[in-house]
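Shown next, in structure tokens, is the structure this report addresses.
Every number in this text was worked out from the coordinates using simple rules, so none of it is lab data. Quick caveat, the model's predicted, so the values are computed rather than measured. Reconstructed Cβ throughout: ideal geometry from the backbone, glycine too, with neighbour counts over all protein chains shown.
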Amino acid sequence: MLGAVLAGGRSKRFGGDKLLFRIGGRPLISYALERIESASLIKEVVIVASPDNAGRLRSLGYEVVVDELSIGPMGGVYTALGVGDSFVVAGDMPLIVPEFVDRMIREFRGSEKLVCVPRWTNGYLEPLHAIYSKAFRRVLKGRIRDGDYSLNGAIRFADVCYLNVEKLPPSWRESFFNVNRRSDLRKLVGDSK
């Protein structure tokens, strides 16, 4: 399974390129990359970057795939699926739990569905901590053609394996933590000691 880290955001709320912001001496994105690589069922990790930041991200030593669509997360997922079935996360998610990633991959493979995504009881999805089959790219292509860039909408339209978040070990929920503002870095500093 490919691990694809989306790195195309503009970091408006953060006030600068948050993915390369150094915390604990390392760029923020390196935490997500390292955690995904630690999952035993991930065989390769790539960064899906915008044309604007691809050059800077190549310095991290990973293959960088450029999202030429620049339409948000849907474009990043579409680009990743050009490489193959992908576990997709956002680059600002530093606390990913490798065991959770492996569990999702096993569920996805057993389900034979197009997508495997965590879902909360209230219906909220975690589309940037999800697995997408290469075949799902056809669904995305049609929606992109129609100008509908809602990743959640595309997921709900597809044949999906949902994982009930509330039935998972509570410690796995930290996987969904993402950094939007500089104040969010406090949690990472506290957890990376």
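For this structure, a couple of remarks:
- A simple count of charges around ARG145, restricted to other residues whose Cβ falls under 14 Å of its Cβ and scoring Lys, Arg +1 and Asp, Glu -1, yields +2.
- The range 2-191 - Rg over Rh from alpha carbon coordinates, Kirkwood radius: 0.94
- When each of the peptides 20-31, 70-81 is scored by how many other beta carbons lie within 10 Å of its residues on average, the order from highest to lowest is 70-81, 20-31.
- Inter-part distance where the range 105-183 and the range 62-93 are each reduced to a Cα centre, Å: 14 Å
- For the range 95-149, the Kirkwood hydrodynamic radius from C-alpha pairs, put into Stokes-Einstein at 10 °C and a viscosity of 1.306 mPa s, yields a diffusion coefficient of 126 µm² per second.
- Mean ellipticity per residue at 222 nm, deg cm²/dmol - from DSSP H runs of n ≥ 4 across the chain, formula -39500 (n - 2.57): -9000 deg cm²/dmol
- Taking amide H atoms as placed 1.01 Å from N in the peptide plane, the amide H of GLU44 lies under 5 Å from those of GLY3, each 5 or more residues away in sequence or on another chain.
- Unsatisfied cross-links (Cα-Cα over 25 Å) in the set LYS43/LYS113; LYS18/LYS113; LYS141/LYS167: LYS18/LYS113; LYS141/LYS167
- About the Cα centre, charge dipole magnitude for the chain (Lys/Arg +1, Asp/Glu -1 at Cβ), debye: 400 debye
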